[in-house]
1. Inspect all residues belonging to region 196-212 and state whether any of them is modelled with pLDDT under 95 and either over 25 Å from residue 88 (Cα atoms) or in a strand (DSSP E or B) (or both).
2. Among 209, 160, which is the only one that is more than 26 Å from residue 243 (Cα to Cα), in the same structural domain as residue 96 (by TED's automatic domain parsing) and in contact with a helix residue (DSSP H, G or I) (Cβ under 9 Å, 6 or more places away or on another chain)?
3. Going by the conditions given, is residue 235 modelled with pLDDT of 95 or more, under 22 Å from residue 94 (Cβ atoms) and either outside the structural domain of residue 187 (by TED's automatic domain parsing) or surrounded by 15 or more Cβ atoms within 10 Å (Cβ to Cβ) (or both)?
4. Restricting attention to region 101-158, which residues are without any contact (Cβ under 8 Å) to a residue 40 or more places away in the chain, within 17 Å of the chain's Cα centre (by Cα) and part of a loop (DSSP other than H, G, I, E, B)?
5. Assuming residue 71 fulfils every condition listed in (1) assigned by TED's automatic domain parsing to the domain that holds residue 204; (2) touching a strand residue (DSSP E or B) at 6+ places or on another chain (Cβ under 7 Å) apart from one, which condition is it?
6. Within region 56-100, track down each residue that is in a helix (DSSP H, G or I), touching a helix residue (DSSP H, G or I) at 6+ places or on another chain (Cβ under 7 Å) and over 23 Å from residue 237 (Cα atoms).
7. Answer yes or no: is there a residue in region 215-223 that is part of a loop (DSSP other than H, G, I, E, B) and closer than 18 Å to residue 183 by Cβ.
């Protein structure tokens, strides 16, 4: 079977399972398998594929038919300027979070800072920031030891030595004063988890998604604790869920935080708040 026919087979199989991105997913699965760009596949359509690679391709297509995200199939996800290792213990990095990283990097520019990343997961946020702010250092925390194992692998891959990872909740972080606390916390209401798309609900870690009854359990915990471990005039940068801005904004004001920047996603929804801790 040649490249063209194999791509068509994969596309048809995925289309039957109502996967909207069936063609591009088929192309991406094959390009990842063969370690070639999608563009190179399109100019080599008549190239024959070995039987072993056809078998592997079919298995990968079957995983995608079950709505498994491509990032878990490929075991990596591109974010910022790097390719991050992911597995079922880590949330898949999202493009919206890159907007948060971009704003932080622009704000601090070349100033050396001390960073805390809460719920670090793959480590993509703190690693990406530290890659840009060369003289800075930081700590990534997560309640999942398995997630931290992935973060450590990603930091080693990027040869990043000014970060350490700790298996703790923010509740138990003391005796530090940070210039920046950043987090993409769980913010989905518990009763809304069942409404998530299959690729998220079936595969991504629930602990990284479930924000409690109102979706604000972890966000509140971070804001309350940040008052004691953030320097005065330090920045608290939070990613939030759809429709949570008013509630989170009020909680921030009640805890001596003044909003400095709001970040909207590609659909014009407020998804991140950067606030300053006042005296």
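The values are calculated or read from the model by the stated rules, or taken from the named source; none is laboratory data. Keep in mind that what you see is a predicted model, and the values were worked out from it rather than measured. Glycine also receives a Cβ, built like all others from the backbone with ideal geometry; neighbour counts cover every protein chain displayed.
1. Checking region 196-212: not a single residue is modelled with pLDDT under 95 and either over 25 Å from residue 88 (Cα atoms) or in a strand (DSSP E or B) (or both).
2. 160
3. Criteria met by residue 235.
4. Across region 101-158, the qualifying residue is only 142.
5. Going through (1) assigned by TED's automatic domain parsing to the domain that holds residue 204; (2) touching a strand residue (DSSP E or B) at 6+ places or on another chain (Cβ under 7 Å) one by one, residue 71 breaks only (1).
6. 56, 57, 60, 61, 63, 64, 65, 70, 73, 74
7. So far as region 215-223 goes, yes, one or more of its residues are part of a loop (DSSP other than H, G, I, E, B) and closer than 18 Å to residue 183 by Cβ.
So that you can scan it fast, the table gives a plain yes or no per residue for (1) modelled with pLDDT under 95; (2) over 30 Å from residue 183 (Cβ atoms); (3) surrounded by fewer than 16 Cβ atoms within 10 Å (Cβ to Cβ):
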position	(1), (2), (3)
37	yes, yes, yes
57	no, yes, no
66	no, yes, yes
73	no, no, no
84	no, no, no
92	no, no, no
